[in-house]
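**Student:** One structure is given below, represented as structure tokens, and several questions about it will come after.
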Amino acid sequence: MPGLFIDVRVSDAAAKDPELAKKLAEACPVDIFEATDSGVVVVEENLDECTLCDLCIEAAPAGAVRVVKLYEKE
Ligand code: SF4
């Protein structure tokens, strides 16, 4: 994906949690998370809007969400 520098990863267990999905959808100011009945979906076309605010990480249990800077070594 050219021009994409951020990836947001949600752990498999967290991705299936509809309550967490709602929290993430509310937390992210740029709509990267979409809450569905079966859990959270990462909206790929909004990923490049990520401001690295970490609100999603604060809203989720430890380790459930990671914001990966693809231009840095992991
Ligand atoms: S770091 Fe902020 S902008 Fe980026 S996905 Fe998380 S809540 Fe959204």
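**Student:** Could you tell me whether any residue of segment 4-25 is of a type in the set (F, W, Y) and either more than 10 Å from the ligand (Cβ to nearest atom) or not in a strand (DSSP E or B) (or both)?
**Tutor:** From segment 4-25, those of a type in the set (F, W, Y) are 5; that's our starting set.
Retained after the next criterion (residues that are either more than 10 Å from the ligand (Cβ to nearest atom) or not in a strand (DSSP E or B) (or both)): 5.
Scanning segment 4-25, I find at least one residue that is of a type in the set (F, W, Y) and either more than 10 Å from the ligand (Cβ to nearest atom) or not in a strand (DSSP E or B) (or both), so the answer is yes.
**Student:** Report whether or not E58 is without any contact (Cβ under 8 Å) to a residue 24 or more places away in the chain and not hydroxyl-bearing (S, T, Y).
**Tutor:** Numbers: without any contact (Cβ under 8 Å) to a residue 24 or more places away in the chain: no; not hydroxyl-bearing (S, T, Y): yes.
Judged against the criteria, E58 is not a match.
**Student:** Can I ask one more? Got a number for residues in segment 28-74 being near the ligand (Cβ under 7 Å from one of its atoms) and in a loop (DSSP other than H, G, I, E, B)?
**Tutor:** Total satisfying the criteria: 9.
Bear in mind these aren't lab numbers, they're just calculated from the coordinates by the rules spelled out. Predicted model only: the values in this text are computed from it and were never measured. We place every Cβ from the backbone using ideal geometry, glycine too, and count neighbours over all the protein chains shown.
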